[in-house]
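Asker: Sharing a structure with you now.
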Amino acid sequence: GDSVTQTEGQVALSEEDFLTIHCNYSASGYPTLFWYVQYPGEGPQLLFRASRDKEKGSSRGFEATYDKGTTSFHLRKASVQESDSAVYYCALSFGGSNAKLTFGKGTKLSVKS
Amino acid sequence: DAAVTQKPRYLIKMKGQEAEMKCIPEKGHTAVFWYQQKQSKELKFLIYFQNQQPLDQIDMVKERFSAVCPSSSLCSLGIRTCEAEDSALYLCSSSQFRLGGAETLYFGSGTRLTVL
């Protein structure tokens, strides 16, 4: 079946550090890829999405580029802030009758000031 | 604030009891999804409704859960006989439906179930 792999389970950084969270997917077809963020006590919320090869998604300084060749959608941010501390999820979906999101296991980001 | 509303926020049940949680999807959304989240990390898909009809669900839901969407504005997820392993955050999400591609899912804040 379809799957999403996030390499990092936890990431600890200081403010202004560069962030990379790796996301690779395995799917039979051409899925839409998502990054969601979840803060304590809340449900996941969309950070951004991308539907085509080489499409770049971005929001709040975070960005990722859909790479069909390497089946990747790595999340990056040039300078993290303490307020970015949260759990980040990479996910995929095909829509239609297969509309569910398949999530990676999540990466907990902790940023200290 | 989440446009998807879930109630109750917290639910405590004894082992063997029945549990029920409700979800009000975002207005205009025809697709509803339920996920289970344990230990604040992994999100496990449970069931997907489109226009109140279940289109996809995992075996665990068929065997031990009862999920319905009697109207476009209300869905519920029930557990017939709670077990300790059911302790988790249950998240409801909704989206519009599009035949040609994937829609974004919008999540509620969840119902935290504790089974004692």
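Asker: Checking the conditions here, which among B:S76, B:S95, B:S66, B:S72 is of a type outside the set (A, V, I, L, M), farther than 30 Å from A:R52 by Cβ and over 12 Å from the mean Cα position of the chain (by Cα)?
Answerer: None of the other options fit; the residue is B:S72.
Asker: Enumerate the strands (runs of 3 or more DSSP E) found wholly within region A:2-58, keeping only those where 3 or more residues are within 17 Å of A:Y88 (Cα to Cα) and touching a Ser or Thr at 6+ places or on another chain (Cβ under 9 Å).
Answerer: A:3-6, A:10-14, A:23-26, A:32-38, A:45-50
Asker: Condition test on B:C82, is it surrounded by 14 or more Cβ atoms within 10 Å (Cβ to Cβ), part of a loop (DSSP other than H, G, I, E, B) and not charged (D, E, K, R)?
Answerer: yes
Asker: Test A:E82 against the stated conditions and say whether it is under 12 Å from the mean Cα position of the chain (by Cα) and of a type outside the set (S, T, N, Q).
Answerer: Against the criterion (under 12 Å from the mean Cα position of the chain (by Cα) and of a type outside the set (S, T, N, Q)), A:E82 does not qualify.
Asker: Does B:Y10 satisfy the condition of being loosely packed, with under 13 Cβ neighbours inside 10 Å, of a type in the set (F, W, Y) and either free of Cβ contacts under 8 Å to residues at least 24 places away in the same chain or within 14 Å of chain A (Cβ to nearest Cβ) (or both)?
Answerer: Answer is yes for this residue.
Asker: Working only within region B:97-116, note down all residues that are more than 10 Å from chain A (Cβ to nearest Cβ) and either surrounded by 19 or more Cβ atoms within 10 Å (Cβ to Cβ) or of a type outside the set (A, V, I, L, M, F, W, C) (or both).
Answerer: B:T111, B:L113, B:T114, B:V115
Quick grid of which residues meet (1) in contact with a Gly (Cβ under 7 Å, 6 or more places away or on another chain); (2) under 17 Å from B:S93 (Cβ atoms); (3) open to solvent by 10 Å² or more (accessible area, probe 1.4 Å); (4) away from every other protein chain (no Cβ under 14 Å):
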position	(1), (2), (3), (4)
A:Y36	no, yes, no, no
A:P40	no, no, yes, no
A:A50	yes, no, no, no
A:F62	no, no, no, yes
A:K68	no, no, yes, yes
A:S85	no, no, yes, no
A:L92	no, yes, no, no
A:K100	no, yes, yes, no
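Asker: Same structure again: Just one of A:S72, A:S28, A:S14, A:S58 is touching a His at 6+ places or on another chain (Cβ under 8 Å) and more than 14 Å from chain B (Cβ to nearest Cβ); which is it? Steps first, please.
Answerer: Values: A:S28 fails: touching a His at 6+ places or on another chain (Cβ under 8 Å); A:S14 fails: touching a His at 6+ places or on another chain (Cβ under 8 Å); A:S58 fails: touching a His at 6+ places or on another chain (Cβ under 8 Å).
On inspection, the qualifying residue turns out to be A:S72.
Asker: Let me ask something else. Can you pull out every residue in region B:38-57 that is more than 9 Å from chain A (Cβ to nearest Cβ) and either touching a residue at least 60 places away in the same chain (Cβ under 8 Å) or not in a strand (DSSP E or B) (or both)?
Answerer: Listed by number, the residues that qualify are B:K38, B:Q39, B:N51, B:Q52.
The values are calculated or read from the model by the stated rules, or taken from the named source; none is laboratory data. Keep in mind that what you see is a predicted model, and the values were worked out from it rather than measured. Note that we place each Cβ from the backbone using ideal geometry, even for glycine, and neighbour counts take in every protein chain shown. Keep in mind that these areas ignore ligands, DNA and RNA; they rest on the heavy atoms of the full protein, side chains included. Shrake-Rupley method; radii C 1.70, N 1.55, O 1.52, S 1.80 Å.
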